[in-house]
Amino acid sequence: MRLQWDALPSFHGKCLLLQCFHLWLVLSKSTSRGGWLFCGSIRGDLTAHFNRSDLHLARIAGKIDVHNEFGDTTFDAKAQLSDNPHRLISESGRIEVTVSRPALGQLPLQAWTHCGSVRAINANSSQFEEANISGQSDDGTTRGWRGMKTPSPAAGGLDIFNRLNRIQDTLAGRNRAPGLDLISRCGPVVVTLEK
């Protein structure tokens, strides 16, 4: 399902409840920040692009591709994630994910920022590795990234290039190997590992 907040019809009142196929949406434009949106119990893929919304995601069975430019995004990833390349992207909004190890399965998780912060809660260095990389972006500029990722088998010196390519592919929406990619260019990214 594709969603674009600006394309939704206007409405009066505090909230609107919609059911589209097997997707429940609770919409509200009553806050000064542009409203909040809950997307949950989705049996298929979710592709969405927002300018600024407080977005809450949970129980999504398919591929997740969400760009919330300046709003905050929370994702309750306690249910098993599908074997797809998932991405949550923001320019300056907060990305907060609560995930259980069984929900990730064998999927790698990567969280990156330019000038925000990235932190893990309830995790140790064997579960997430800190990383700092820099290199040339698709637009020709040199970018520095700091963040963390789940450990992967040693790839030698190529691991840095693989990480940088994955960040660029994630930002551009290009095809990549399955995993959960979290990128807020200037905002905080917080990953809570549920025990």
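The values are calculated or read from the model by the stated rules, or taken from the named source; none is laboratory data. Everything numeric here is computed off the predicted structure, so don't read it as measured data. Here the Cβ is made from the backbone with ideal geometry for all residues, glycine too, and neighbour counts use every protein chain on show.
Couple of notes before you dig in:
- Every pair of residues 6+ apart whose Cβ atoms lie under 7 Å, when the first sits in segment 115-132 and is at pLDDT below 90 while the second is assigned to a loop (DSSP other than H, G, I, E, B) and surrounded by fewer than 11 Cβ atoms within 10 Å (Cβ to Cβ): none
- Residue list for segment 104-122, restricted to those being buried (at least 17 other Cβ atoms within 10 Å of the Cβ) and touching a strand residue (DSSP E or B) at 6+ places or on another chain (Cβ under 6 Å): Leu107, Leu109, Gln110, Ala111, Trp112, Thr113, Gly116, Val118, Ala120
- Options Ala77, Ala61: the member that is within 24 Å of Arg166 (Cα to Cα), at pLDDT 90 or above and buried (at least 20 other Cβ atoms within 10 Å of the Cβ): Ala77
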